[in-house]
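What follows is one structure encoded as structure tokens, with my remarks underneath.
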Amino acid sequence: MDFTECLQPELVDMILSYFTDKELCTFSECCVQWREISNKDHLWYRYKNNVDMCHGVLFWMSRNDKCRCTLFMQHFNIHRLHHCMAKGWLRYGLDGDILTENHLNISMTNVAGNSPVFKLFVSEGSRLSPLCKWKNIYIRVHHLHKNWRKGRYSVSPLLKGHTEKVTAMACNGKFVVSGSEDKTLRLWDISQATCVRKLDGHMDTITKIIWKGNTIITGCEDSSLRVIDSNDFRILFSLQGHSGSVDHMTLVGKVLVTAATDRTIRLWYLPDRKLIHIMRGHEQEVECMCSFGNHVVTGSWDHTLALWDVEHAELVHMYEGHTEVVTCCWYNGERIVSGSADGDLRIWRPSPPKCLHVLQGHEADVYCLAANTSVIASGSSDSTVRVWGFDGKCRYTLNGHLGVVRCLHLCEERLVSGGDQKKVIVWDYKTGEQMNIVHRHPSLLHLMWANETKLITASPERPGTIAVLSYW
């Protein structure tokens, strides 16, 4: 007997809401009718893993008591989670849209004959209804993650145009903006692998780029800051005040925070186009900067970290303990993590200031770090990547690089590390497993940007090039 024909549609939906993703997929493969029943957004939008409640479902299954059934569903719908939410995939349909993500031109390249692209659609004339949005998203994200794990990607032709080394880069997912020692700023269309805009106007090497909305902000060795309209690539205004190369920038609301080789931290209020505060505290140049909320953390060649309050324009605390330059830092409002050329990482309580843990294990300089709510990843010139817990213990030592590990990208699903010898490695940081090595990376790298579908790197060589790899 087919239970879907015997029960009310509301009760069928309630039963299916207790299926796991795999069970729901298996159910949909049985026949056309079951496929159509399971092809509903609210089923892929709900997930409940509590078999004990099935007894309650059976109790309320009365075709003659719709009121009780409705009350039951309204009560327990509150406790159900999204299939994608249970996997952390809700962002693919809310913050972004994987359904409109473009593929690279596959005719350009074919990595080992193993293209990441697949076509998912219901052909015209089919008796099947189109895939509902959330089932479509779920299938596509599952495929995307399998591409990352199995190393299925496409390589775009190198983005060439700079005559000197690429020194700064930013991306919005569809376009890349790059700055170079050749004093030019270039805008690249990723899908077409072409330069669509070029800006001459900087007097020296472009050192840093921030891209937010329609605004691009650049820092330069000529000590100037420039605010640029990304639509027409026109300089809107410049900010002058530093007396050295502007090497670090971050945005805190409408305030631009900058650090230069003049050892000062400066606050600029962008709507008024003016400098509002100069903050001092470091005795030597700033080497790294990060921000969270209204606070900024800087690490310096004087071996210290500093926590700055942007709203009140003041130095909150200094953190001492490292014995060499602080090369990298991370801050989430509750903890500060720092890496140093002394080979150690340190976890700090922001206030009152205290070093909670010293993370020892690297045999050379810590070059880069990344963190999320559960782990810290660090890359070193000892050619290793280490994964640490916030308890200060090393969970995994990841081997595979040759030379300095220069870049790290950490998200909920994976860790990507880039280093010397053109080497890029994708890791499962939860298990310490090496998923795959990017064997077809076309050049050396010293800058890296990554999102859910793409990996973009810039080469330290001359002339400067940018490589784009797509996992979608």
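Got a sec? Which of Asp204, Asp182 is assigned to a loop (DSSP other than H, G, I, E, B) and surrounded by fewer than 19 Cβ atoms within 10 Å (Cβ to Cβ)? Break it down stepwise before answering.
Numbers: Asp182 fails: surrounded by fewer than 19 Cβ atoms within 10 Å (Cβ to Cβ).
From the options Asp204, Asp182, the qualifying one is Asp204.
Under 8 Å by Cβ, and 6 or more places apart or on different chains, what pairs join a residue from segment 314-342 that is in contact (Cβ under 8 Å) with a residue 12 or more places away in the chain with one that is surrounded by 22 or more Cβ atoms within 10 Å (Cβ to Cβ) and assigned to a loop (DSSP other than H, G, I, E, B)?
Ser338/His322; Ser340/His322; Asp342/His322
Could you check segment 345-389 and list, in sequence order, the residues that are over 21 Å from Arg406 (Cβ atoms), open to solvent by 40 Å² or more (accessible area, probe 1.4 Å) and assigned to a loop (DSSP other than H, G, I, E, B)?
Ser351, Pro352, Pro353, Gln360, Thr373, Ser374
Filter segment 207-228 for residues that are over 18 Å from Arg266 (Cα atoms) and β-branched (Val, Ile, Thr) and give the result. Don't jump to the end; show me each part of the working.
Applying the first criterion (over 18 Å from Arg266 (Cα atoms)) to segment 207-228 yields 211-216, 228.
Listed by number, the residues that qualify are Thr215, Ile216, Ile228.
Could you list all residues from segment 113-133 that are in contact (Cβ under 8 Å) with a residue 60 or more places away in the chain and among the charged types (D, E, K, R)? Spell out the reasoning first.
Within segment 113-133, the subset in contact (Cβ under 8 Å) with a residue 60 or more places away in the chain is 116-117, 127-129, 131-133.
Those that are in contact (Cβ under 8 Å) with a residue 60 or more places away in the chain and among the charged types (D, E, K, R): Arg127, Lys133.
Taking the conditions exactly as written (surrounded by 14 or more Cβ atoms within 10 Å (Cβ to Cβ), among the β-branched types (Val, Ile, Thr) and in a strand (DSSP E or B)), does Ile210 satisfy them or not?
Working: surrounded by 14 or more Cβ atoms within 10 Å (Cβ to Cβ): yes; among the β-branched types (Val, Ile, Thr): yes; in a strand (DSSP E or B): yes.
Yes: the conditions hold for Ile210.
Can you tell me which residues in segment 123-157 are open to solvent by 50 Å² or more (accessible area, probe 1.4 Å) and assigned to a loop (DSSP other than H, G, I, E, B)?
Correct list: Ser123, Glu124, Gly125, Arg127, Leu128, Pro130, Pro157.
Here is a check on your reading of the model: is Ser238 farther than 20 Å from Pro463 by Cβ and either touching a residue at least 24 places away in the same chain (Cβ under 8 Å) or of a type outside the set (Asp, Glu) (or both)? Walk me through it before giving the result.
On the way: farther than 20 Å from Pro463 by Cβ: yes; either touching a residue at least 24 places away in the same chain (Cβ under 8 Å) or of a type outside the set (Asp, Glu) (or both): yes.
It is true that Ser238 is farther than 20 Å from Pro463 by Cβ and either touching a residue at least 24 places away in the same chain (Cβ under 8 Å) or of a type outside the set (Asp, Glu) (or both).
Being touching a His at 6+ places or on another chain (Cβ under 8 Å), polar (S, T, N, Q) and without any contact (Cβ under 8 Å) to a residue 60 or more places away in the chain is the filter here; which residues of segment 422-472 pass it?
Thr457
Working only within segment 400-435, note down all residues that are within 21 Å of Ala341 (Cβ to Cβ) and open to solvent by 20 Å² or more (accessible area, probe 1.4 Å).
Within segment 400-435, Leu402, Gly403, Val404, Arg406, Leu408, Asp420 qualify.
Please find, within segment 88-122, the residue that is modelled with the lowest pLDDT out of those that are among the small types (Gly, Ala, Ser) and part of a helix (DSSP H, G or I).
Going residue by residue through segment 88-122, those that are among the small types (Gly, Ala, Ser) are 88, 93, 96, 107, 112-113, 115.
So of that shortlist, the ones also part of a helix (DSSP H, G or I) come out as 107, 112-113.
On the way: Ser107: 55, Ala112: 49, Gly113: 52.
Top of the filtered list is Ala112.
Got at least one residue in segment 245-260 being more than 24 Å from Gly173 (Cα to Cα) and more than 28 Å from the chain's Cα centre (by Cα)?
For segment 245-260, residues more than 24 Å from Gly173 (Cα to Cα) and more than 28 Å from the chain's Cα centre (by Cα): absent.
Could you check segment 436-459 and list, in sequence order, the residues that are under 25 Å from Asn102 (Cα atoms), surrounded by 18 or more Cβ atoms within 10 Å (Cβ to Cβ) and among the hydrophobic types (A, V, I, L, M, F, W, C)?
Matches in segment 436-459: Val438, Leu445, Leu447, Met448, Trp449, Ala450, Leu455, Ile456, Ala458.
Suppose we keep only residues that are on the phi < 0 side of the Ramachandran plot and in a loop (DSSP other than H, G, I, E, B) within segment 282-295. Which one would you say is surrounded by the fewest Cβ atoms within 10 Å (Cβ to Cβ)? If you could, list the steps in order and put the result at the bottom.
Kept after step one, since they are on the phi < 0 side of the Ramachandran plot, are these residues of segment 282-295: 282-292, 294-295.
Narrowing the set further to residues that are in a loop (DSSP other than H, G, I, E, B) leaves 282-285, 294.
Numbers: His282: 23, Glu283: 11, Gln284: 13, Glu285: 18, Asn294: 14.
Among those residues, the one meeting the criterion is Glu283.
So, Ile235, is that one in contact with a Gly (Cβ under 6 Å, 6 or more places away or on another chain) and under 21 Å from His162 (Cβ atoms) or not? I'd like the intermediate steps shown before the answer.
Details: in contact with a Gly (Cβ under 6 Å, 6 or more places away or on another chain): yes; under 21 Å from His162 (Cβ atoms): yes.
Judged against the criteria, Ile235 is a match.
Hey, which of the strands (runs of 3 or more DSSP E) in segment 228-280, taking only ones fully inside, have at least 1 residues that are of a type in the set (A, V, I, L, M, F, W, C) and surrounded by fewer than 18 Cβ atoms within 10 Å (Cβ to Cβ)?
Values: elements: 234-239, 246-252, 255-260, 265-269, 274-279.
Fully inside segment 228-280 and qualifying: 234-239, 246-252, 274-279.
Just name the residue that is nearest to Ala364 (Cα to Cα) out of those in segment 312-344 that are open to solvent by 40 Å² or more (accessible area, probe 1.4 Å) and under 27 Å from the mean Cα position of the chain (by Cα).
Trp330
The values are calculated or read from the model by the stated rules, or taken from the named source; none is laboratory data. This structure is a prediction, so every number in the text was calculated from the model and none was measured. Cβ atoms come from the backbone with ideal geometry, glycine included; neighbour counts cover every protein chain shown. Accessible surface is based on the protein model in full, side chains and every heavy atom, while ligands, DNA and RNA are left aside. Shrake-Rupley method; radii C 1.70, N 1.55, O 1.52, S 1.80 Å.
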